[in-house]
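Asks: So that we are looking at the same thing, I have put the structure below in structure tokens.
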Amino acid sequence: MIDISVKDLVKSFDADENILKGISFDVQQGERVGLLGRNGAGKTTLFRILTGEIDYNSGEIAFAQGKKVGLISQIPHYPAGYTVEDVLHTAFAGLDKIRKRMQELEHRMTEHTAPDILREYDALSNRYAVEGGYETDTQTDKVCNGLAITAEQRQQDFDTLSGGEKTRVNLARLLLEKTDILLLDEPTNHLDMHSVEWLEGYISKFKGTVLTISHDRYFLDQVVNRIIEIRDGKAEFYSGNYTFYVAEKQARYELQLKQYEKEQAKIAQLEKAAEQLATWAYSGMDKTYKRVVSMEKRIERMHTVDKPTQDRQMKARFAEKSFFGDEVLSVKGLGKAFDGRTLFDNVELRVGGGERIALLGDNGTGKTTFLKVLLGEDAGVGKIKFGPTVKWAYLPQIIHFENPERTLLDTMLYEAGCSLQEARDRLGAYLFTGEDVFKTVSSLSGGEQSRLRLCMLMDEKINLLVLDEPTNHLDIAAREWVEDALQDYEGTLIFVSHDRYFVEKFATRVWELENGSIRDFPCGYQKYRSIRQHERLLLEQQPKPKKEHKEKPKNTSSNAKQLERKVRQLECEIEKQEQVIADFDSQIEAASQDYQELTRLMEEKQQEENQLAEMMDEWEQLSLSLEEQA
């Protein structure tokens, strides 16, 4: 069954150029599809069209009838004074309507119990239970815990949150709405690693359809089973995750290039023959002239394979300063407190030449502050000692330029101290070409500003490079450019990143900042994950302390009514289950001569009987609880 159908979709913002040029694709029910493409390729435009936020020029869009669609790319506006809890509760608007109607009927039933009122009440009660009306608090707690939305934060006004916090709350609201089709636009932005892993687990169990835009390659590997790439306004399809897509795309390029070169060689051979024949034809040989015309038409028909193209590559690398000695830096007793809260304390670390260290930790633990204290950009306590030949460079998470009104070219001339030709060459290596160099720095996107700052760092002779979220705001191609440059860098690297693909590629050592201390793991990311997962498993297996027995509070009349409704609902389900088991008897009798079919039916009947037994146990417990309240 097709959940999303897009056919010949055309969209333009400029009369001269279409951003989507007749794109077509289908997404089947239950598929997890990743939507890729360079920044500006039209991915977010497509999402905005799918949700009806903007119109399109021509084409057709259809969703499966009756399916509910959810999108998190835009954060809705809420009334002033709405808390995070209020925003989360909007996910249960439909259940609230059912509950209010049930309350109205309960009030009327105190006066008289007409059959039509009882029928409506029973129907609403069953619907409320089936749709999870009694589990809303549990579900909200579960989602909030997974996305690191604290109890304190749930009481805050939504308008006071940062952009990243609003995105997380909006994602939580969307997950609680239980939509059939999820459209996720960069869902892992502003999430720490634990929250991203929780989201991956949620999506793996989600029974609906997922279409996601993401630059998080690790997330794409874990979640999607198909890739749609928007390239030149059209869709290209890959039947696998991100790793499959990379390999398949390169294989397709090489195959098309071989076909193109083979065709061009054949055309060159024919053209040479045609040229020779034309010389003879001009000498008065009419039959030869006809052969020349025929050959030229054949050559025209042979132009069937376009020359394949690859994205332009940055040709850049970090200049390196020679390092002499065994120790790049050492810290003793390093600490930092802020507003009465200790971010880290008594940290002792030593860094050798050529190490590649990932500093990991949840959002808000103080990773950026640690880097700033380490480099002397923020005050702290303790001792920091750099090797005598160490020269460091720092790329902060939030890029700042002293003169944002300057053009890119002037920025390189005045702030990087380049000559005119050096400035153009270095900007060109980072894909700032043509008229781009005359743009003002303030007009650049976040990703372009990061690229410009990297461009300024690249030619500095350094042997310690410190990066804070270097791949933030970058599309996948730009992330790969940065990785290619770092691959050849032989100096020491210390970096903060939530990009697990990046971390896995570069980290040879992991520092984990948690609960005010840094734990040192002298290993790569995969081994670090394995160690931490093993530790969490051991912790979960430890016996939990017994809770003190407390006298249960007396149940209110409201609880009694809820129990009564659950008992009635369970009785209906038991009746249906008994009928399912009874239906097996006729099937078993009909299959008495087919041993394999008879065995299968007997096993299925046993499973249904086990389920009935569980339902009966639950009914007995609920009935006893109801009698205790009488």
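The values are calculated or read from the model by the stated rules, or taken from the named source; none is laboratory data. All of these numbers come straight from a predicted model, not from anything done at the bench. Heads up, the Cβs are rebuilt from the backbone with ideal geometry, glycines too, and the neighbour counts pull from every protein chain shown. Only protein heavy atoms, including side chains, enter the accessible area calculation; ligands, DNA and RNA are left aside. Shrake-Rupley method; radii C 1.70, N 1.55, O 1.52, S 1.80 Å.
Asks: Could you give the angle, 0 to 90 degrees to the nearest 10, between helix 242-281's Cα long axis and the longest principal axis of the Cα atoms of the chain?
Replies: With both axes taken from Cα atoms, the answer is about 40 degrees.
Asks: Just want to confirm a number: the relative contact order over the chain, from Cα pairs under 8 angstrom separated by 6+ residues, in percent.
Replies: Normalised by residue count, the contact order of the chain is 12 percent.
Asks: Taking 45 Å as R0, compute the FRET efficiency from the Cβ-Cβ separation of Asp484 and Met616 and round it to 0.05.
Replies: After rounding to 0.05, the efficiency reads 0.10.
Asks: Using the Karplus curve 6.51 cos²θ - 1.76 cosθ + 1.60 with θ = phi - 60°, what ³J(HN,Hα) values do you get for each residue of the range 189-196, in whole Hz, with x for Gly and Pro?
Replies: Couplings: 4, 6, 9, 7, 4, 4, 5, 5 Hz.
Asks: How much accessible surface does Tyr245 have with a 1.4 Å probe, in Å² rounded to 10?
Replies: Approximately 20 Å² of Tyr245 is accessible to the 1.4 Å probe.
Asks: With a point put 7 Å past each Cα toward its Cβ, work out how far Arg301 is from Glu571 in nm, to one decimal.
Replies: In this crude spin-label approximation the distance works out to 8.1 nm.
Asks: Give, in nm to one decimal, the length gained when the segment between Thr150 and Ala582 is fully stretched (0.36 nm per residue of separation minus the Cα-Cα distance).
Replies: That pair, Thr150 and Ala582, stretches by 150.6 nm at full extension.
Asks: Specify the angular offset, from 0 to 90 degrees and rounded to the nearest 10, of the alpha carbon long axis of helix 136-146 from the longest principal axis of the alpha carbons in the chain.
Replies: Tilt relative to the chain: about 30 degrees.
Asks: Which of the peptides 139-147, 209-217 is most tightly packed, and how do the rest follow, judged by the mean count of other Cβ atoms within 10 Å per residue?
Replies: Going by the mean number of other Cβ atoms within 10 Å, highest first, we get 209-217, 139-147.
Asks: Under a crude label model (7 Å from the Cα following the beta-carbon direction), how far is Lys205 from Glu60 in nanometres?
Replies: Once both label points are built, they end up 3.9 nm from each other.
Asks: Given H placed on each backbone N at 1.01 Å, which residues far from Tyr489 in sequence or on other chains put an amide H within less than 5 Å of it?
Replies: The answer is none.
Asks: Something else: Given a 1.4 Å probe and heavy atoms of the protein chains only, how would you sort Glu483, Glu603, Glu152, largest accessible area at the top?
Replies: The ranking, largest first, comes out as Glu152, Glu603, Glu483.
Asks: For the charge dipole of the chain, defined by +1 on Lys and Arg C-beta atoms and -1 on Asp and Glu C-beta atoms about the Cα centroid, which residue among Tyr414, Ile61, Ser214 has the Cα displaced farthest towards the positive pole?
Replies: The residue sitting farthest along the positive end of the dipole is Tyr414.
Asks: Multiplying the sequence separation of Met109 and Ala273 by 0.36 nm and subtracting their Cα-Cα distance, what value in nm do you get?
Replies: This chain segment gains 49.3 nm when fully extended.
Asks: What does the chain give for Rg and for Dmax, in Å, if only its C-alpha atoms count?
Replies: For the chain, the Cα radius of gyration and maximum Cα-Cα distance read 32.5, 117 Å.
Asks: What is the local net charge at Leu371, summed over the other residues whose Cβ is closer than 13 Å to its Cβ (Lys, Arg +1; Asp, Glu -1)?
Replies: -1
Asks: What whole-number value in Å² describes the accessible area per residue of the chain for a 1.4 Å probe?
Replies: Here the residues of the chain average 56 Å² of exposed surface.
Asks: Efficiency by 1/(1 + (r/R0)^6): what FRET value for Glu263 and Ser24, r their Cβ-Cβ distance, R0 = 30 Å, to the nearest 0.05?
Replies: It comes out at approximately 0.65.
Asks: If you count only protein heavy atoms and use a 1.4 Å probe, how large is the accessible surface of Phe338, to the nearest 10 Å²?
Replies: 130
Asks: Could you please state, rounded to a whole Å, how far the C-alpha centre of the range 39-93 is from the C-alpha centre of the range 124-202?
Replies: Their Cα centres are 16 Å away from one another.
Asks: While we're here: Report the label-to-label distance for Lys100 and Asp116 in nanometres (one decimal), using points 7 Å from each Cα along the Cα→Cβ vector.
Replies: About 2.2 nm, to one decimal.
Asks: Follow-up. On a 1.4 Å probe surface of the protein chains, which of Phe438, Phe47 comes out largest in accessible area, and what is the full order?
Replies: Greatest to least solvent exposure: Phe438, Phe47.
Asks: Could you tell me how many degrees, from 0 to 90 and to the nearest 10, lie between the Cα long axis of helix 557-590 and the main elongation axis, the longest principal axis, of the Cα atoms of the chain?
Replies: 80
Asks: What is the ratio of the Cα radius of gyration of the range 404-522 to 2.2 N^0.38 Å, with N the residue count, to two decimals?
Replies: Relative to the rule-of-thumb radius for its length, the range 404-522 sits at 1.19.
Asks: Oh, and also: Please work out how much length the chain gains when fully extended from Glu609 to Val246, using 0.36 nm per residue of separation minus the C-alpha to C-alpha distance, in nm with one decimal.
Replies: 125.8 nm
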